[in-house]
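Below: the structure, in structure tokens.
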Amino acid sequence: MFGIAPKAPVSPEAQQWVEDSFAWLIGQYGREFLQSLPVIQPTEEFFPEDFHPTDASIQATLVRLCGFMHVRPERVTLEIFDDDQEDLKKALRTTLPHREDSSSGAAGTYRENTGAERFLITVKRSKSADPVTLIATLAHELAHVLLLGEGRLDHDAPDMEPLTDLATVFWGLGIFNANSAARFQQHDDGTKRGWSFQRLGYLSEPMFAYALAVFAWERGEKKPLWAKHLRLNVGTYFRQSLKVLEYRDAQKNKPRYGRM
């Protein structure tokens, strides 16, 4: 019995884009480098300090992420802006690469200081209320440093922002970015209570999940323990994606019968 081929949680075109883009990243940095990177997880091993929604704590988080992503922290300047700075938000949203926030434009932005090899990252102060979202936003902006700042990717590339999201998976931060791709939040203003939906980033949950599966497969991880940290939806898509890759690999190596 050949069995029924498992179905990927994304379209064939999206599968191809993820795989081609991941192959491009491997070509940039090398397979051995990919396999040597730790998978950053929401544990004390990687984030031993208690997080507080303060400027100092956000800066410390950025420095820690710089270490994970091999970016010299002295090259990066962090600015934190308030959500009510409408003029700044509008300018940043229309002129700079940014981490997309469906609720109110840019959650974070990236800018190069031409000729000085320094980079400016800005982030909304409100993002500090949720460490997972903050880490995902900062990781995305640091991925801009690695791809745009180091001249590996053109600013005008049509898939520049989605590829930047994918790069966070390559660098081991995919758990955070996948878990923040879609968030349900409860609100209560004293008179009315309810739930709201927010999307952050350029890849959907299924896209991030498929990217994480490709990441694991390229590292030889068929049942990675770190997958326990994925949110329910992402984890389901991730396991489904691994089955697709496993089935495809088995079909490729399946013995052929009959006359040749």
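Report, in listed order, any pair from LYS127/LYS223; LYS124/LYS223; LYS7/LYS223 with a Cα-Cα distance greater than 29 Å. Result: LYS127/LYS223; LYS124/LYS223 exceed 29 Å. Counting other Cβ atoms within 10 Å as a rough exposure proxy, the listed residues ARG75, ARG31 run ARG31, ARG75 from fewest neighbours to most. Exposure proxy ranking for TYR237, TYR210, based on other Cβ atoms within 10 angstrom of each Cβ and starting from the fewest, stands as TYR237, TYR210.
Taking the number of Cβ atoms within 10 Å of each Cβ as an exposure proxy, the fewest-first ranking of MET69, MET207, MET160 is MET160, MET69, MET207. Every pair of different Cα atoms in region 1-72 enters the Kirkwood calculation, which places the hydrodynamic radius at 15.9 Å.
Summing charges over neighbours of LEU230, with a neighbour being any other residue whose Cβ is under 10 Å away from its Cβ, gives +2 when K and R count +1 and D and E count -1. On full extension, the segment bounded by ARG219 and ASN253 gains 10.4 nm, given 0.36 nm per residue less the C-alpha separation.
Values in this text are rule-based calculations from the coordinates and carry no lab data. These numbers come from a predicted model, not from an experiment. Glycine also receives a Cβ, built like all others from the backbone with ideal geometry; neighbour counts cover every protein chain displayed.
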